[in-house]
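Visitor: Dumping the structure here so I can ask a few things about it.
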Amino acid sequence: MRAKVDLTQLFKPRAIAVIGATAKASKVGRIVFQTLIRADRRVIPVHPTETTILGHPALARIEDLPADIDIAVIATGADRATEAAEACAKKGIPFIIPIAGGFSESGPAGKALEERLRAVVKKTGARILGPNTLGLFVPQERLDMIFVEHGDRALAQGGGVAFITQSGSVGVEALGLESTIGFGLRAFVGLGNKADLDEIDFMQHFADDPRATCVALYAEALPNGRAFLEAAEFVSRRKPVVVLKAGRTPTAAAAASSHTGRLAGSDRVVGGAFRQHGVQRVFDEEQLCDAARVLSMARIPKGNRVAVISPAGGYGVMATDYIEATDNHVPLTMAKLSDNTVERIRQVAPLFASLNNPVDLTASATDDMTVETLRAVVDDPGVDVVMCMALFAPPGITDGLIRRVSALAAEIDKPLVLVAQFGPFTYGHLTRFHDHGVIGYPSVARAVRAVRCLVERAQIVAQHGGHQ
Amino acid sequence: MTPVASWLQGLSRPSLPDEWEVKQLLARYDIPIPKSVRLLANAALPDLSFGEPYVVKVCSPDILHKTDRGGVKLNIRKETLAITVAEMRKLFPGEALLIEEQLKLSGSECIVGGLVDAEFGPAIMVGAGGILTELYKDVAFRLAPCTPQEAERMVEELKIAPLFEGFRGIRLDKKGLAAVLVASANLVADLGERFSQLDINPVGYAEGRFVALDGKLVLNPPA
């Protein structure tokens with residue numbers, strides 16, 4: 001496997017320099033500086049003419065920076081960024097993050113600039129993240145250099161997902177979407193053009209980071225395919241790895257003269273390769289975040305038998321259909337509740353309830369009934385995962401359900417996934433559940449998909465070894 | 001030295017193996033093949049060590065779709081073999097022929113193949129075979145080389161997986177097919193840079209084992 005790059009200082013820098021910091025409104029150099037000074041560490045602006053920036057004295061030259069700078073964030077355009085990177089490396093700054101685009105993605109001139117960045121790495125040993133990147137966001141370190149909106153409310157609390165993305169936009173949009181419910185973010189890493197550091201380096205870093213409980217990756221090109229899989233399998237033995245691989249590569253499918261070549265189409269090999277190496281695959285940004293949320297928070301189930309509890313028959317029926325769908329390589333099955341469990345539910349359920357899986361407590365359901373029924377199915381040895389529809393329309397269901405279900409979830413050793421759905425209140429409820437460490441989704445399909453992710457993880461652990 | 005190197009040296013046309021040569025390579029990797037004799041152009045029909053019925057095929061790397069061109073004759077009896085050989089030679093002058101034992105097949109046919117993915121390198125495939133293969137696209141892939149456990153999981157991913165578990169009384173040999181996959185993956189990996197594409201199609205089930213009934217291998221020219 002590729003030698004691990006020590007990224008400790010990148011994630012815990014002593015001091016940060018912002019090259020091209022400025023007081024000029026709406027400039028990237030201002031937004032980045034403004035965001036970074038919220039961190040509880042020294043941030044030093046560098047600008048050739050501005051002497052004070054947002055109240056902070058600025059240095060005119062990179063050469064004048066103190067010796068304890070661990071990261072130089074470069075907020076200038078590509079041309080000057082390249083020169084600045086050379087100066088920073090010469091100064092001995094270990095990590096350099098050129099934010100600007102205008103490199104290899106933009107044509108021959110930009111390609112030449114990116115070559116110069118590569119030469120910096122080769123010559124000096126400084127490491128470069130980017131260019132063309134949003135950089136890093138590490139909530140627990142209050143380290144944030146993302147200069148666009150990025151759904152900060154729930155993210156700011158931090159969490160277990162190490163989110164590595166080649167596309168900055170896909171990354172921040174996805175986080176924005178997910179933060180409406182809540183999303184436990186360990187770190188956001190924008191890879192950009194990957195002139196130097198790439199997904200393998202960061203995956204290897206997060207493998208050893210005890211606070212990272214799941215690695216989520218958005219990648220377009222994986223040019224070091226085998227090395228990537230090797231690293232991914234290594235990480236997967238310790239924590240879940242979920243990957244959205246976009247941009248299907250032509251395997252010369254059209255030109256293939258064999259059946260095999262034509263059947264491979266553009267990316268069927270990817271699915272097989274991922275399974276072979278313990279990588280969980282998703283196909284869009286919602287799936288990526290949904291999977292990362294549940295994989296980073298939930299316990300891994302012992303099997304694939306799901307119990308469903310609902311105060312509305314229809315939701316139980318829908319869930320059953322999704323659970324028993326056979327067009328999937330991770331089969332789920334409806335748990336068969338024991339006689340004892342059914343009897344326990346009978347004791348608490350309303351008269352017309354349906355006592356077998358899916359359990360329908362009907363609109364007469366109350367908080368007590370829901371919690372007691374949950375307890376009964378959790379205790380059933382024939383149940384591996386519990387899904388519960390936390391619908392707040394029934395009159396007997398109150399706000400107190402959130403606290404009580406959360407308390408129960410904290411003491412059980414089986415994963416619990418909720419569905420909450422009731423118009424504009426949904427997200428409020430889901431967010432509060434999330435804040436209590438309970439995983440929920442605003443639709444049955446997404447919740448069942450999350451359960452499938454957990455069962456797939458259990459399969460991977462069984463097949464490839466590893467823990468969690 | 002892998003079984004590949006000496007095989008490459010022995011090819012009658014460098015980089016262009018014919019079906020017989022491909023099958024000899026498969027046999028070196030312990031993939032079962034039918035008993036067969038390659039009859040070069042103008043060679044006399046020898047005494048055969050295996051019994052009728054026979055399959056007679058044109059055996060040339062230049063003819064890709066031999067069935068479409070009448071290049072495969074089935075159910076040939078001993079007494080009509082000489083006539084069939086003469087007819088085939090008229091149809092394909094100058095080409096070699098392949099005379100094989102015709103196996104009694106049961107169950108479903110599969111396809112086993114190999115290819116090179118642009119990002120991940122050499123890979124193998126298993127799928128439901130026969131003429132509808134490309135219509136159903138019931139296939140699974142893994143990278144080469146591949147463990148026996150992964151090979152079995154490939155088979156389990158197929159829609160036809162129940163045929164290996166007793167569906168309607170059919171119980172094909174999963175471990176046997178997995179062994180063909182592992183061997184194919186080793187072969188593909190051993191070929192290294194020379195490997196481009198492999199089709200073993202169909203792989204038939206006969207007398208309790210999977211047999212490579214046809215084989216096509218595309219090689220890259222040596223670097």
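The values are calculated or read from the model by the stated rules, or taken from the named source; none is laboratory data. Every value quoted in this text rests on a predicted model; they were computed, and no experiment measured them. When we count neighbours, we look across all protein chains shown, and the Cβ atoms used for this are built from the backbone with ideal geometry, even at glycine.
Visitor: Within the bounds of segment B:29-37, is there any residue that is under 21 Å from residue B:221 (Cβ atoms) and either of a type in the set (Val, Ile, Thr) or surrounded by 12 or more Cβ atoms within 10 Å (Cβ to Cβ) (or both)?
Guide: No, that holds for no residue.
Visitor: How about segment A:188-197: which of its residues are in contact with a Leu (Cβ under 8 Å, 6 or more places away or on another chain) and surrounded by fewer than 24 Cβ atoms within 10 Å (Cβ to Cβ)?
Guide: Our first condition is that a residue be in contact with a Leu (Cβ under 8 Å, 6 or more places away or on another chain); within segment A:188-197, this holds for A:188-192, A:195-197.
Selection gives A:196, A:197.
Visitor: For segment B:124-142, enumerate the residues that are in contact (Cβ under 8 Å) with a residue 40 or more places away in the chain and within 24 Å of residue A:227 (Cα to Cα). Spell out the reasoning first.
Guide: Here is the first cut: in segment B:124-142, the residues in contact (Cβ under 8 Å) with a residue 40 or more places away in the chain are B:124, B:126, B:129-130, B:133, B:142.
Within segment B:124-142, B:124, B:142 meet the criteria.
Visitor: For residues that are of a type in the set (Phe, Trp, Tyr) and in contact with a Ser or Thr (Cβ under 9 Å, 6 or more places away or on another chain), tally how many sit in segment B:105-124. I'd like the intermediate steps shown before the answer.
Guide: Let us first name the residues in segment B:105-124 that are of a type in the set (Phe, Trp, Tyr), namely B:120.
From what is left, the residues that are in contact with a Ser or Thr (Cβ under 9 Å, 6 or more places away or on another chain) are none.
Residues that pass the stated criteria total 0.
Visitor: Working carefully through the options A:257, A:236, A:266, find the one that is modelled with pLDDT under 80 and either within 19 Å of the chain's Cα centre (by Cα) or at the interface with chain B (Cβ under 7 Å from one of its Cβ atoms) (or both). Even if it seems obvious, please write down each step before you answer.
Guide: Details: A:236 fails: modelled with pLDDT under 80; A:266 fails: either within 19 Å of the chain's Cα centre (by Cα) or at the interface with chain B (Cβ under 7 Å from one of its Cβ atoms) (or both).
Answer to the selection: A:257.
Visitor: Please verify whether residue A:353 is crowded, with 19+ Cβ neighbours inside 10 Å and free of Cβ contacts under 8 Å to residues at least 24 places away in the same chain, treating the condition exactly as stated.
Guide: Working: crowded, with 19+ Cβ neighbours inside 10 Å: yes; free of Cβ contacts under 8 Å to residues at least 24 places away in the same chain: yes.
In short, yes.
Visitor: Run residue A:81 past the list (1) part of a helix (DSSP H, G or I); (2) free of Cβ contacts under 8 Å to residues at least 12 places away in the same chain and report the number of the one that doesn't hold.
Guide: Going through (1) part of a helix (DSSP H, G or I); (2) free of Cβ contacts under 8 Å to residues at least 12 places away in the same chain one by one, residue A:81 breaks only (2).
Visitor: Now, a different point. Can you tell me which residue is farthest from residue A:8 (Cα to Cα) among those in segment A:89-125 that are buried (at least 18 other Cβ atoms within 10 Å of the Cβ), without any contact (Cβ under 8 Å) to a residue 40 or more places away in the chain and touching a Phe, Trp or Tyr at 6+ places or on another chain (Cβ under 8 Å)?
Guide: Of everything passing the filter in segment A:89-125, A:110 is farthest from residue A:8 (Cα to Cα).
Visitor: When residues of segment B:95-127 are filtered for being in a loop (DSSP other than H, G, I, E, B) and more than 7 Å from every other protein chain (Cβ to nearest Cβ), how many remain?
Guide: Residues flagged as in a loop (DSSP other than H, G, I, E, B) and more than 7 Å from every other protein chain (Cβ to nearest Cβ) within segment B:95-127 amount to 8.
Visitor: Also: Hey, can you tell me all the residues within segment B:128-148 that are in a helix (DSSP H, G or I) and more than 7 Å from every other protein chain (Cβ to nearest Cβ)?
Guide: B:135, B:136, B:148
Visitor: Return yes when residue B:172 is within 29 Å of residue B:189 (Cβ to Cβ) and either β-branched (Val, Ile, Thr) or in contact with a helix residue (DSSP H, G or I) (Cβ under 6 Å, 6 or more places away or on another chain) (or both) and no when it is not.
Guide: On the way: within 29 Å of residue B:189 (Cβ to Cβ): yes; either β-branched (Val, Ile, Thr) or in contact with a helix residue (DSSP H, G or I) (Cβ under 6 Å, 6 or more places away or on another chain) (or both): yes.
Here the answer is yes, as residue B:172 does meet what is asked.
Visitor: Quick one: residue A:454 ticks every box in (1) touching a strand residue (DSSP E or B) at 6+ places or on another chain (Cβ under 7 Å); (2) at positive phi bar one, so which box is it?
Guide: (2)
Visitor: Can you name the condition, by its number, that residue B:58 falls short on among (1) in contact with a Pro (Cβ under 7 Å, 6 or more places away or on another chain); (2) closer than 20 Å to residue A:258 by Cα; (3) not polar (S, T, N, Q)?
Guide: (1)
Visitor: Please tell me if residue A:330 is in contact with a Lys or Arg (Cβ under 9 Å, 6 or more places away or on another chain), modelled with pLDDT under 95 and assigned by TED's automatic domain parsing to the domain that holds residue A:457. Talk me through it step by step, then tell me what you get.
Guide: On the way: in contact with a Lys or Arg (Cβ under 9 Å, 6 or more places away or on another chain): yes; modelled with pLDDT under 95: yes; assigned by TED's automatic domain parsing to the domain that holds residue A:457: yes.
Yes, satisfied.
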